[in-house]
1. Charges at C-beta only: +1 for Lys and Arg, -1 for Asp and Glu. How large is the resulting dipole of the chain about its Cα centre, in Debye rounded to 20?
2. Amide H neighbours of Val44 under 5 Å, counting only residues 5+ apart in sequence or on other chains, H built in-plane at 1.01 Å?
3. Which trypsin sites (Lys or Arg not before Pro) from the stretch 1-37 combine a DSSP loop assignment with at most 14 other Cβ atoms within 10 Å?
4. Amide H of Trp86: which non-local residues (sequence gap of 5 or more, or other chain) have their own amide H closer than 5 Å, using H built in the peptide plane?
5. Rounded, prolate or oblate for the stretch 7-48? Axes are the square roots of the Cα gyration tensor eigenvalues, ordered a ≥ b ≥ c, and the cut-off for rounded is a/c under 1.5.
6. Rounded to the nearest 500 deg cm²/dmol, what is the calculated helix-only ellipticity per residue at 222 nm for the chain, with -39500 (n - 2.57) per DSSP H run of length n ≥ 4?
7. Just to be sure I understand the model, the point goes 7 Å from the Cα along the line to the Cβ. What's the resulting Glu58 to Asn96 distance in nm?
8. Could you tell me which of Leu53, Gly91, Pro71 has its Cα farthest along the dipole of the chain towards the positive end, charges placed at Cβ (Lys, Arg +1; Asp, Glu -1), taken about the Cα centre?
Amino acid sequence: MNHYLLTYHLAPDYLERRPVHRAEHLTLAWEAAERGELLLGGAVEDPVDAALLLFAGEGPEAAEAFAKSDPYVKNGLVERWTVRRWNTVVGEIAANPVRP
C-alpha cells in the first residue's frame, strides 16, 4: 500500500462559491473514506488557497478518479490539481516505515 497526496490549488473565490457544492463534495469524500481510499482531507488556512487529500492505494488511480469526479473541480473551484506519491516513513500508518 502506498500513499498519494492530492493537492488542490483553489480559486480566489473558493470560499464564496463552496456552499453550493459542499454537500456533494463531502458525500464523495466520505464515500472514498469508507472504501479506505481517502485517509484525510481538508483545506489549509491563512490563506485558504489549497486543499490536501491523502489517499492510500497501490497506484494513484483512486486519487485521480476522485479529482475528476469532484464537483469542486468540475465547477472551477479548483484551478488545478496534482497527484504525487508520498513516501511516508514515520507514523503508525506509514506506508514504508523506517526506524533508526
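FYI, it's all coordinate maths here, none of it is from the lab. Because the structure is predicted, anything quoted here is derived from the model rather than measured. Virtual Cβ from ideal backbone geometry, glycine too; neighbours counted across all protein chains shown.
1. 200 debye
2. Asp49, Ala50, Ala51, Leu52
3. In loop regions of the stretch 1-37 (DSSP not H, G, I, E or B), the sparsely surrounded trypsin sites (Lys or Arg not before Pro) are Arg35.
4. His3, Tyr4, Leu5
5. Oblate, since a/c reaches 1.5 and b/c is not below a/b.
6. Computed mean residue ellipticity for the chain: -10500 deg cm²/dmol.
7. My value for the distance between the label points is 1.8 nm.
8. Final value for the positive-end residue is Gly91.
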